[in-house]
Amino acid sequence: MIEEQLEQSKSTQTKPIYYATTPIFYVNAEPHIGHAYTTTLVDVAARFHRLRGDDTYFLTGTDEHGEKIQKAADAAGLTPQAYTDQVSGKFRATWDSLDISYDEFIRTTEERHQEVVNDVLQRVYDNGDIIFGEYGGLYCVGCERYYTEKELVDGRCPQHDIVLEYRSEENYFFRMEKYRPWLRELLEDNPELIRPERYRNEVLGILREPIGDLSISRPRARVPWGIPLPWDENHVTYVWFDALINYYSALKSHGTEGHYWPHVEHFIAKDILKPHGVFWPTMLKSAGLPLYQHLNVHGYWLVDGGKMSKSKGNVVRPLDLKDKYGNDAFRYYLLRDMSFGLDASFSEVGLAERINSDLANDLGNLLNRTLGMLGKYRQGRVPEAGDLEPIDAALRDAFVTLPDRLTVMVDNLQFDRAIESVLEAVRKANKYIAETQPWALAKDEANAKRLDTVLYTCLEALRCASILLSPIIPNKAEELRAQLGLGGAFTLDDAKAWGLTPAGTATKLGAPLFPRVDLAALNESLEVKEAVIEHKPEVTIDDFARLEFRVAEILKAEAHPKADKLLVLTVKLGGEERTIVSGIKKWYDPSALAGKKVIIVANLKPVKLRGIESQGMILAAEDAEGNLSISALDRDIASGSEVR
Ligand code: ME8
């Protein structure tokens, strides 16, 4: 099958078109490693297609309407517009800082998008596919959709693990059920349409039973933050109906839909399979628009064996990893350590090990050894190669056959295998050095030409590696090329040709491309972090409001008669005096405490500590070693004042 595809790709004459999309992300959360994965993956695919010379277009953006966003804006105390501007800006800035080469960033609050949503809605309406009716069901605001009983796990939302609320409302409905037989047949006839296969099977499973009609509006009185329906302004468009259209509206707004739309490739994770696998194709069909080429569905990055969540406190932020390890190393890890379609477990140690083994050891060493020897034996200048011996030709073939193999792998979403095959060739080059022993050749002037050939072969291996890895590690690939003395533009075809490095080129051995990570130090710092971060549940503002924090002045402090570690404090709280027993004795001399103002929790139920009733608790900061410091106020404030 691979041979067949190779033949096909060779025989393609016209410049292929590639249009790839990420989901547009909800602006109720900040970018995390999951968002970064899909976006980096599409970036790598887009860069690879550009390298092949394809006419490439890459779209990403943010999903900004709906009840969930409206609620998030309320909680942040901002208008929905101000709030979405802020978070959408963070997504864009994150992608810029991660070197994401998107061609366009779309926001669903833009007028150009809203116009196209109206247009598509009107088409579906004119086609007789919209009806008005009442619907009742279990709704998840997090997913912004109704769930059927069958889709629930233990009666809860499978994505958010919460009990869903029953809702019933008068809405407009899209006659989705009508298109079920068509979609089923389409998926049966086109096994690659949704891939990998497990997700196609999942959608086919959904289509085996009635899918019902899709509620596509919300009453404007309840959800004002949305696009009003063109035929009834008392209702706004359901957020998924609005959001999915972004993939088309971005093109339509500048007239390129005829060019790119027929080639669209969507990339999503499994969480939003149903909207993309069922809602979207049926919507497109009704609106008379062509379907996507492929729906490419990847798995989830798991952290600590489960989903990341704010409440568990284990959300992994891409910019933190970029700052710590560099962006190229982070991108490399993301693409190398997840098999497309399957879940993967994020591990910082795994990331560091990947850097050390593949990037510092294999690639970095090849560069350092080659340029080191070139400096020593040839003043850093690229020599002219002589005739190739079989061992040289074997290494050449390992590289020049890679572009076609990688093309097939990338087309089949095997990004991890594609990277691994380049690294295999890099390892072969290291082995080649061990076998040809340039240092031994250098000892005898009679072997000068042979040494030239060996060094040149290593340089060519590095040049090809720099091209093949450039979509994944774009900056380091540039640095690598600069050290090789190469500049300017290059294409994938340049990695099929051997001998493109001009003899006489001056190389410039620089700093190591990927410094090794000190694994022992990393393990130690992670252990400390683990100890400090207790996973605490998220609280609502109402939970917080139940606690009463007040300023208290310490009047006197003395050692607890029956406990080594405790002090008994008398504090003044406005007009009131209280006794508080506190475990700060190790850090404070009782005589130095009188007169200090501290913050206490004033409405704790009193408890007896070693026989003395404590009527509150002093807040103290605690570091990783367990040292305590009672809160210091930087301005004199009356005792009894509330702290919020
Ligand atoms: O669903 N692992 O937006 P969203 C891998 N606005 N990828 C992950 C991930 C994880 N742990 N968590 C999230 C929405 N993702 C809608 C989309 S499209 C018309 C509308 C990535 O902010 C993955 O791409 O919840 C997933 O599909 C997407 O973020 C969901 O992003």
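How large is log10 I(q)/I(0) at q = 0.11, 0.14 Å⁻¹ when the Debye formula is applied to the Cα atoms of the stretch 1-151, each weighted equally and without solvent? Debye output, listed in q order: -0.64, -0.92. Shown is the FRET efficiency for Leu302 and Ser168, computed with R0 = 35 Å from the Cβ-Cβ distance and rounded to the nearest 0.05: 0.45. Farthest toward the positive end of the dipole of the stretch 547-592, out of Phe549, Trp587, Val571, is the Cα of Trp587, where the dipole comes from beta carbon charges about the Cα centre. The accessible surface of the stretch 466-531, taken with every protein chain in place and a 1.4 Å probe, is 57 percent carbon and sulfur. Per residue, the stretch 1-139 exposes 41 Å² of accessible surface when a 1.4 Å probe is rolled over the protein heavy atoms with every protein chain present.
Where the only charges are on Cβ atoms (+1 Lys, Arg; -1 Asp, Glu), what is the dipole of the stretch 2-298 about its Cα centre, to the nearest 20 debye?
Working: 31 positive and 46 negative charges, 35 e Å.
So the magnitude is around 160 debye.
Note that the chain, at 20 °C in a medium of 1.002 mPa s, gets a Stokes-Einstein diffusion coefficient of 74 µm²/s from its Kirkwood radius over C-alpha pairs. With the charge dipole of the chain set up from +1 on Lys and Arg Cβ and -1 on Asp and Glu Cβ about the Cα centre, the Cα lying farthest toward the positive end among the listed residues Cys157, Ala506, Pro606 is that of Pro606. Projected onto their three principal axes, the Cα atoms of the stretch 530-629 cover extents of 38, 34, 25 Å, largest first.
Taking Cβ atoms as reference points and 10 Å as the exclusive limit, the residues near His560 contribute a net charge of +2, counting Lys and Arg as +1 and Asp and Glu as -1.
Of the GluC sites (Glu not before Pro) found in the stretch 371-475, those in coil by DSSP whose Cβ has at most 15 other Cβ atoms within 10 Å are Glu384.
Give me the net charge of Lys322's neighbourhood, meaning all other residues with Cβ under 10 Å from the Cβ of Lys322; Lys, Arg count +1, Asp, Glu -1. Before the final figure, lay out each step's value.
Values: positive: Arg317, Lys324, Arg331; negative: Asp99, Asp320, Asp323, Asp328.
Taking every other residue near Lys322 into account, the sum is -1.
Placing +1 on the Cβ of every Lys and Arg and -1 on the Cβ of every Asp and Glu, with no other charges, gives the chain a dipole of roughly 1440 debye about its Cα centre.
What is the extension gain from Leu152 to Leu628, computed as 0.36 nm multiplied by their sequence separation minus the C-alpha to C-alpha distance, in nm to one decimal? Present the calculation step by step, with values, prior to reporting the outcome.
Numbers: separation 476, 0.36 × 476 = 171.36 nm, distance 4.61 nm.
Using 0.36 nm per residue and subtracting the Cα-Cα distance, I get 166.8 nm.
Between the stretch 589-610 and the stretch 25-79, the alpha-carbon centres lie 49 Å apart.
May I ask you to order 138-144, 513-519 by the average number of other C-beta atoms within 10 Å around their residues, highest value first? All intermediate terms of the calculation are to be shown ahead of the outcome.
On the way: 138-144: 19.0, 513-519: 17.0.
Result, highest mean Cβ count within 10 Å first: 138-144, 513-519.
Rounded to the nearest 5, what is the percent of antiparallel bridges among the DSSP beta bridges in the chain? Roughly 70 percent of the beta bridges in the chain run antiparallel, per DSSP. Sites listed here are chymotrypsin sites (Phe, Trp or Tyr not before Pro) in the stretch 535-644 whose DSSP assignment is loop and whose Cβ has at most 14 other Cβ atoms within 10 Å: Trp587. Here's how it looks for Gly380: its modeled amide H is under 5 Å from those of Gly375, which are all 5 or more places away or on a different chain.
Spacing of the modelled spin labels on Arg208 and Ala448, each 7 Å from Cα toward Cβ, amounts to 7.6 nm. The residues of the stretch 156-225 have, on average, 53 Å² of accessible surface per residue, using a 1.4 Å probe with all protein chains present.
For the stretch 224-372, with all protein chains in place and a probe radius of 1.4 Å, 48% of the accessible heavy-atom surface sits on carbon or sulfur. As a ratio to 2.2 N^0.38 Å, the alpha-carbon radius of gyration for the stretch 2-298 is 0.99. Of the cross-linked pairs Lys150/Lys178; Lys431/Lys496; Lys310/Lys597, those separated by over 29 Å at the C-alpha level are Lys310/Lys597.
Classified by the C-alpha gyration tensor, the stretch 588-644 has a rounded form. Its axis ratio a/c, with a ≥ b ≥ c, is below 1.5. Contact order for the stretch 380-463, expressed relative to its length and based on alpha carbon pairs under 8 Å spaced 6+ residues apart, stands at 50 percent.
Rounded to the nearest 0.05, what FRET efficiency is calculated for Thr505 and Ser101 with R0 set to 30 Å and r the Cβ-Cβ distance? Walk me through the intermediate numbers first.
Values: r = 28 Å, r/R0 = 0.93.
So, using R0 = 30 Å, E works out to roughly 0.60.
In the full protein context, the stretch 530-629 carries 64 Å² of accessible surface per residue, based on a 1.4 Å probe and ignoring ligands, DNA and RNA. Working from label points 7 Å from Cα in the Cα-to-Cβ sense, the Glu188 to Glu558 distance is 8.9 nm.
The rule of thumb for compact globular proteins, 2.2 N^0.38 Å, goes into the C-alpha radius of gyration of the stretch 132-278 1.12 times. From the square roots a ≥ b ≥ c of the eigenvalues of the alpha-carbon gyration tensor of the stretch 269-377, which class results: rounded (a/c under 1.5), prolate (a/b over b/c), or oblate? Oblate.
Given only helices, namely DSSP H runs of n ≥ 4 each adding -39500 (n - 2.57), what is the per-residue ellipticity at 222 nm of the chain, to the nearest 500 deg cm²/dmol? Each step should come with its number before you reach the end.
Numbers: 23 runs with 256 residues, N = 644.
Computed mean residue ellipticity for the chain: -12000 deg cm²/dmol.
How large is the Kirkwood hydrodynamic radius of the stretch 78-139, counting all unique pairs of alpha carbons, in Å? The partial results should precede the final answer.
Details: mean 1/r = 0.0663 Å⁻¹.
Kirkwood hydrodynamic radius for the stretch 78-139: 15.1 Å.
Between the beta carbons of Gln122 and Asn523, assuming R0 = 60 Å, the FRET efficiency works out to 0.50 to the nearest 0.05.
Per-residue extension of 0.36 nm, minus the Cα-Cα distance of Phe132 and Arg381, leaves a gain of 82.0 nm for this segment. Highest average first, the peptides 22-31, 481-490, 635-644 ordered by how many other beta carbon atoms sit within 10 Å of their residues are 22-31, 481-490, 635-644.
The values are calculated or read from the model by the stated rules, or taken from the named source; none is laboratory data. This is a predicted model, so every value here is computed, not measured. Counting neighbours? That spans all protein chains shown, and the Cβs are built from the backbone with ideal geometry, glycine included. Surface accessibility is based on the protein's heavy atoms, side chains included, excluding ligands, DNA and RNA. Shrake-Rupley method; radii C 1.70, N 1.55, O 1.52, S 1.80 Å.
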